[in-house]
Amino acid sequence: MKKLISLLLSLTVLLCLCPAALADGEQTEEETPVYTAEEVLYAVLDYDGEVDDLYAVVILNSKKDCDATVYGPFSDVKNLTDTREIKAGKGKVSLEAPEGRFFFQSTLSDRTLPWKTEIGYTLDGREVAPDELGGRSGRLGINISVGDGGMKDSSFYDGFMVQVSITLDSGLCSNIEAEGATIANSGADKLVNFTVMPGTEAEFSLTADVVNFSMPGITFSAVPFSMGDSLGSMTEMIDGLKQLSGAISQLSDGASQLSGGAGQLCDGAWMFGQGLYQLSANSASLVSASEMFLNMFRMFKEALIAVSGLPDPGDVSDLASLIAAMDELCATLDSAAAEMEQSAARLETARANIDAAFAGVPDSAEADAAYVAAAAEALPEEVICALLEAYGEDGYAGGMAALRNVIAAANAAVSAKGQWQQIQPDYDNAVQTMHELAAYMENLSTSVRRLRDVMDGMSGTGAGDQLDELIMKATELASGYEMFHEGLVAYTGGVDALADNWGSLYDGIVQLTGGTEQLSDGTRQLNDGTKDIPDTIDDMLAAYTGSDYSDHSFLSEKNGSTQSVQFVLTTRAIEPQDDGGAGDGANDLPSALIQFWERLIALFE
């Protein structure tokens, strides 16, 4: 069963191949033609660039004698090699091709070309008909434009380079000016060459002082063009640009986060400053009140001691004034503790804002900035040229200056983040100390309130026997408050010093906020301007790699053996009037054909 299936599959494949192998005798048993073809298209152009006649010369290169068929809009076919018969049918040519090279020529009924050429002439600044230029003198101007011819198959327009050649007799022409052209000497002639890159439209102009002017025809030569071998592999360069663009994008994101965090830092710093100034403004009264409380504790302790020595220990009505003072002391301590907690909370908010601001600076920012700087310094010449072409000298210089500013700002942000990380522990200790002071004030208020309650219970009673214990507690309280007072004096001194310097520090924070906004805007603009550079350069280079053209026939898509295609387009020559060279087209055609054969022979020698 398996053998039967294999046999049926083999017969099916053979039946599918037979029609193609037998059609028109253009293929052999080897499945591929034994010949290849080259096509040279030659056009005779009028003075203004319009196509008058279009010819094709086909060269067959055969490994052995074989039957060949070439398709195309042929008419008036001529054998250029020998006397063998060529059969011209509708849209094709059939012949017995000999081993080696065989040439035949044909006029083409379809005169459409991949390019549209237009030529205009001026003399002394005025437009002039080209058939009136022969033998004239003055300042000659020739304006040439090359554009898309509108063919359905655009691969020739997109993949071929066109060279425009103008030959001027140096004995008749001087002071030649042609921007963007190469000018070379060839004997007594000047050869002026312009180049049109694949897939592009171009306009050229030439001026010269002429005497008794005449000129051979202007030639447009088009051949496949690719700089792939010259440029080599662009992958490494494009990858490097993508990494550069990615680093700039990352830097832009970090700058944006830093700007947002800096705004929060500025808000938190303002709140902290308000609390700091209020705390500093109250520090003197707080120390004064604390001194009063300290004296009151001492007086309270001494009063208790004095009371304990009274003849009537039950008479403790003098303690009422102390109870009232202790109520006031508790209220003041509670208020001070609450204010201290609020100040600590403001500091914590400011710390969170600072952390958020510096969180926008990625750990890789310094390395990214160094990479961007190194990449900018090592940009290949091809990339610099592409950037200059895309953005101009001013745009390129501005972009590089912005890049340097961004790198400097990124390094400054990294440095500021490092400094903050160094002082962060001290900052946290200060906040913790404020919390501890607030807690101590609350505990002290609780102790005083308890002592006050005990004293209130003793007033007007016979509880004098409790005075010893009360004196001991009052002594401990007074000693503890004395230590607290010393810490409070030191703390308020630090607050006053910080308040004195806070103004300049806050101004620096405001400037930092404005700087981070500028940094964010600059990196965003730089990112917007550079993120498409790799793709842009890739697209620009693609125009010069010939990727839009692969070897195929211009004459017909049915021709599968075409190896190369070339175009040679030539205008009529301009000759002096008295030589009859500027007459009608019938007299000019043989001259143009002679030029064609000379170029053709030179092309294939």
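Observations on the structure shown:
- Rounded FRET efficiency, nearest 0.05, which uses the C-beta distance separating residue 152 from residue 384 and R0 of 30 Å: 0.20
- Virtual spin-label span in nm between residue 137 and residue 428, 7 Å along Cα→Cβ: 9.6 nm
- The residues of the stretch 23-153 expose, per residue, 48 Å² of accessible area to a 1.4 Å probe.
- Close amide H contacts of residue 148 (hydrogens built in the peptide plane, cut-off under 5 Å, sequence separation of 5 or more or a different chain): 116.
- Chain lengthening between residue 188 and residue 200 when straightened (0.36 nm per residue, less Cα-Cα): 1.0 nm
- Environment charge of residue 54, counting only residues whose C-beta is closer than 9 Å and scoring Lys/Arg +1, Asp/Glu -1: -2
- Evaluated at q = 0.21, 0.28 Å⁻¹, the base-10 log of the normalised Debye intensity for the stretch 344-397, with identical point scatterers placed on the Cα atoms, takes the values -0.82, -1.00.
- Spin-label model distance (nm) - residue 443 vs residue 107, 7 Å beyond Cα toward Cβ: 11.7 nm
- Förster radius 51 Å - calculated FRET efficiency between residue 345 and residue 374 (Cβ-Cβ, nearest 0.05): 0.65
- Additional length obtainable on full extension of the chain from residue 223 to residue 335, 0.36 nm per residue less Cα span: 31.0 nm
- Counting heavy atoms of the protein chains alone, residue 117 has an accessible area of about 10 Å² for a 1.4 Å probe.
- Here the simple spin-label model places points 7 Å from the Cα toward Cβ, and for residue 99 and residue 355 these points are separated by 9.0 nm.
- Among 208-221, 143-156, 79-92, the peptide with the highest mean count of other Cβ atoms within 10 Å heads the list, and the full ranking is 208-221, 143-156, 79-92.
- The length gained on full extension between residue 324 and residue 82, counted as 0.36 nm times the residue separation minus their Cα-Cα distance, comes to 73.4 nm.
- Checking the Cα-Cα distances for 63/92; 87/116; 64/558; 78/116 against a 26 Å cut-off, the pairs over it are 87/116; 78/116.
The values are calculated or read from the model by the stated rules, or taken from the named source; none is laboratory data. It should be emphasised that the depicted structure is a prediction, and the values quoted were computed from it without experimental measurement. So basically every Cβ, Gly included, is an ideal-geometry build from the backbone, and we count neighbours across all protein chains shown. Surface accessibility is based on the protein's heavy atoms, side chains included, excluding ligands, DNA and RNA. Shrake-Rupley method; radii C 1.70, N 1.55, O 1.52, S 1.80 Å.
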